[in-house]
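Note sheet for the following structure.
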Amino acid sequence: DSKVCYLGVDSKLFEPLDLPRQNIVVGLGGISPGKGLDRAVRSIGTITASERPSLVWIGNFSDSNYLNEIEKLAGSLEVDFVQKVRISDRELVVLLNQASVMIYTSVLEPFGFAPLEANACGTPVVAIAEGGIRETLQDGINGFLINDNNPIEIGQAISKLINDPNLAREIGESARNTVIERWSLESAINNIENILIGEVKSTTKNN
């Protein structure tokens, strides 16, 4: 019978730095349609202008045509959109620590490392509940899951975390603990090793 060997993230690289949180929402993933940047911009655009956070998007590549569309959309909704492409791991970890929230709007992403990397830094995630995120994000434990692509609900969840630092801190701490317990590299390696050792023992016994 097949078994799922879940992936893990480096919880030693992605770690809390105790930096002051800023009025920033971070997104992480290639700047392309599959990552749903338009969903993120529309969601941020629903937040009251006086409280509206900046959206800092970190990508390992950028589709120039799609980026132009996103910049136009952000301008029309008065969303402060900042792109950062191919930054260092250190800068990435710093930004994840400075952000109040990660927004995750990918379209049917099979697994998705980004939310767990943010969680490992103690950063809550607000995500659309589709694809692999439904396994890694527990609503109210390491972030908030929104059942469909509803910009208003996504914006409200983000505002809730930004306006309640104690709640954000509590969920951030829970998020870090969840990664250590279930989604670390060590957990992934142990899982694979235990399955392989079990198969070897089973084969030896049968022979």
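The values are calculated or read from the model by the stated rules, or taken from the named source; none is laboratory data. Bear in mind the structure is a predicted one, so any value in this text is a computation, not a measurement. Note that each Cβ is placed from the backbone with ideal geometry, even for glycine, and that neighbours are counted across all protein chains shown. Remember, those area values only see protein heavy atoms, side chains included, never the ligands or the DNA or RNA. Shrake-Rupley method; radii C 1.70, N 1.55, O 1.52, S 1.80 Å.
For segment 28-55, the set of residues classified as of a type outside the set (A, V, I, L, M, F, W, C), over 15 Å from the mean Cα position of the chain (by Cα) and either more than 11 Å from Thr105 (Cβ to Cβ) or open to solvent by 40 Å² or more (accessible area, probe 1.4 Å) (or both) consists of Ser32, Pro33, Asp38, Arg42, Gly45, Thr46, Thr48, Ser50, Glu51, Arg52, Pro53, Ser54, listed by residue number. Thr204 meets the conditions (1) over 30 Å from Ser54 (Cα atoms); (2) open to solvent by less than 40 Å² (accessible area, probe 1.4 Å) in every case but one. The failed one is (2).
For segment 137-161, the set of residues classified as assigned to a loop (DSSP other than H, G, I, E, B), surrounded by fewer than 18 Cβ atoms within 10 Å (Cβ to Cβ) and either hydrophobic (A, V, I, L, M, F, W, C) or within 13 Å of the chain's Cα centre (by Cα) (or both) consists of Gln138, Ile141, listed by residue number.
Looking at Glu199, Glu181, Glu173, which one is acidic (Asp, Glu), closer than 30 Å to Ala118 by Cβ and without any contact (Cβ under 8 Å) to a residue 12 or more places away in the chain?
Values: Glu199 fails: closer than 30 Å to Ala118 by Cβ; Glu173 fails: without any contact (Cβ under 8 Å) to a residue 12 or more places away in the chain.
Just a single option satisfies the conditions, and that option is Glu181.
Cβ-Cβ contacts under 6 Å between residues 6 or more apart (or on different chains), taken from a first residue in segment 85-112 that is surrounded by fewer than 18 Cβ atoms within 10 Å (Cβ to Cβ) to a second residue that is part of a helix (DSSP H, G or I), are listed as Val107/Gly34.
Within segment 162-195, can you find the residues that are in a helix (DSSP H, G or I) and open to solvent by less than 10 Å² (accessible area, probe 1.4 Å)? First the steps, then the outcome.
Our first condition is that a residue be in a helix (DSSP H, G or I); within segment 162-195, this holds for 162-163, 165-183, 185-195.
Scanning segment 162-195 gives Ile171, Gly172, Ala175, Val179, Trp183.
Is it true that some residue in segment 126-136 is open to solvent by 40 Å² or more (accessible area, probe 1.4 Å), of a type outside the set (A, V, I, L, M) and either under 18 Å from Val41 (Cα atoms) or assigned to a loop (DSSP other than H, G, I, E, B) (or both)? There is no residue in segment 126-136 that is open to solvent by 40 Å² or more (accessible area, probe 1.4 Å), of a type outside the set (A, V, I, L, M) and either under 18 Å from Val41 (Cα atoms) or assigned to a loop (DSSP other than H, G, I, E, B) (or both).
Checking each residue in segment 76-111 for being more than 8 Å from the chain's Cα centre (by Cα) and either at positive phi or of a type in the set (Val, Ile, Thr) (or both) picks out Glu78, Val79, Val82, Val85, Arg86, Ile87, Val93, Val94, Val101, Thr105, Val107, Leu108.
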